[in-house]
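Written below as structure tokens is the structure these notes are about.
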Amino acid sequence: MLTAKRILVTGGAGFIGSHLCEHLLSKGSEVICLDNFYCGTRRNIHHLLHNRNFDLVRHDVTEPIRVEVDEIYNLACPASPVYYQRDPVQTIKTSVHGAINMLELAERTRAKILQTSASEIYGNTEVNPVTEDYWGRVNTNGSRACYEEGKRAAETLFYDYHRQNKTAVKVARVFNTYGPRMHPNDGQVVSSFVVAALRNKDITVFGDGSQTRSFCYVDDIVRALVSFMGETPDDFIGPMNLGNPNEYTIIDLAKGIIEMTNSRSQIVFQPLPKGEPMRRGPDIGLAQKTINWAPVTPLHQGLVKTVAYFEEYLKTNRPGP
Ligand code: NAD
């Protein structure tokens, strides 16, 4: 009889992590969800607590941990500027010390380990869409550096553990992801617009809203992470871009959300912040070729599910001003 895989998901009580835990459980794996609840919530995984294949461990990845596992998905790290800039030293420690502790664990248990890196490692890019061979353009002294440089250093650790110790690693560079269980007040464009629309508050658009962004539905990202981990040969370590290459203007997104929610919100315009890129999107050619992956959830369909989540959420919670 085949025994179920034991999989550790760090940051498992967060937005993407909770969907990943759910998916892995549905495939028959045993899941250990590790989180220090810095910005994740029990609410995100509440429905999994009764599952006998699910364990929750309250732990900080900046401290070593001893568990026996077959695979590790390392997601622990605050993903939105609101959270990662609140305690920048903790953010970079989470990325760097967290990477070292999880890589050491992977080495000791001979587990495969996947790092969720981020499009932010590319910084303020001069090219669009961006391919994996672009080295990045990041300011070490910027307000986002704790996240950007933390993620860059974590990637380097993954490559070096692989080169030096033969650790089985995978590095995924995740782009803008949205869906149910996003933080309601994390400053991300989808959650901000949906929450404002549901509360009939003004929706703020920077510039004239003609700048474009790409949005990938969370189920598509989870599917890609699991394929990358399970379906690529051990010597394929990435990095691999994962995101939705379709671009939408911010103004169209705002109008679409207002219409979808029958909202009385008004769109108000503010000057475009300095350095705000006009376009930002992934080239996913490598993921298409390697894991035969592309996002399949249309934006409208994903937004309907996201709106339904926030409608329910706002009945019982207040997201702040
Ligand atoms: P999230 O903030 O919802 O989840 C992160 C989780 O990590 C939270 O539950 C938080 O409590 C936990 N955490 C933070 N510091 C920790 C620590 N020191 N020890 C243990 N747990 C800790 O973020 P998310 O959107 O689910 O993102 C998950 C991963 O994907 C992150 O690594 C993020 O950088 C990456 N990513 C996300 C996006 C996106 O659009 N959401 C884009 C690019 C990359």
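The values are calculated or read from the model by the stated rules, or taken from the named source; none is laboratory data. If you're wondering where the values come from, they're calculated on a predicted model, not measured in any experiment. When we count neighbours, we look across all protein chains shown, and the Cβ atoms used for this are built from the backbone with ideal geometry, even at glycine. Accessible surface is based on the protein model in full, side chains and every heavy atom, while ligands, DNA and RNA are left aside. Shrake-Rupley method; radii C 1.70, N 1.55, O 1.52, S 1.80 Å.
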> When all alpha-carbon pairs of the stretch 181-244 are counted, what percent fall beyond 17 Å?
Replying inline: 59 percent
>> Debye calculation, C-alpha points only, no solvent: report log10 I(q)/I(0) for the stretch 105-151 at q = 0.20, 0.32 Å⁻¹, in the same order as the q values.
In response: -0.71, -1.17
>> I need the Kirkwood Rh of the stretch 1-114: take the reciprocal of the average 1/r across all distinct C-alpha pairs and report it in angstrom.
In response: 14.1 Å
> For the stretch 96-242, what are the per-bin percents of Cα-Cα distances with bins 10 Å wide, up to the bin holding the maximum?
Replying inline: 10, 32, 35, 16, 5, 0
> Which loop chymotrypsin sites (Phe, Trp or Tyr not before Pro) in the stretch 209-267, with loop taken from DSSP, have no more than 15 other Cβ atoms within 10 angstrom of their Cβ?
Replying inline: Phe236
>> Rolling a 1.4 Å sphere over the protein heavy atoms, what is the accessible area per residue of the chain, to the nearest Å²?
In response: 47 Å²
> Just how large is the dipole of the chain about the Cα centre, in debye to the nearest 20, putting +1 at every Lys and Arg Cβ and -1 at every Asp and Glu Cβ?
Replying inline: 580 debye
>> As I understand it, the dipole of the stretch 15-78 uses +1 on the Cβ of Lys and Arg and -1 on the Cβ of Asp and Glu, about the Cα centre. Which of Phe54, Asn44, Gly17 lies farthest toward its positive end?
In response: Asn44
> For the chain, which whole percent of the accessible surface, found with a 1.4 angstrom probe, sits on carbon and sulfur atoms?
Replying inline: 49 percent
> Helices from the chain with mean Kyte-Doolittle at least -0.5 and a Cα length along the axis of 18 Å or more, per DSSP H: which?
Replying inline: 88-109, 218-231, 299-316
>> Give the separation of the Cα centroids, the stretch 45-118 to the stretch 201-245, in Å.
In response: 20 Å
> Can you pick out the pairs among Lys93/Lys274; Lys5/Lys170; Lys5/Lys93; Lys27/Lys170; Lys27/Lys112 whose Cα atoms lie more than 22 Å from each other?
Replying inline: Lys93/Lys274; Lys5/Lys93
> Taking R0 as 30 Å, what's the FRET efficiency between Thr156 and Ser26 from their Cβ-Cβ distance, rounded to 0.05?
Replying inline: 0.35
>> If I histogram all Cα-Cα distances within the chain using bins 20 Å wide from 0, what percent of pairs lands in each bin?
In response: 32, 60, 8, 0
> So, counting K/R as plus one and D/E as minus one, what does the shell of residues with Cβ under 14 Å around Asn246 add up to?
Replying inline: -1
> What is the packing order of peptides 138-148, 49-59, 94-104, taking the mean over residues of other C-beta atoms within 10 Å and listing the highest first?
Replying inline: 94-104, 138-148, 49-59
> Where in the stretch 253-310 are there trypsin sites (Lys or Arg not before Pro) that are in a DSSP coil and have at most 12 other Cβ atoms within 10 angstrom of their Cβ?
Replying inline: Arg264, Lys274
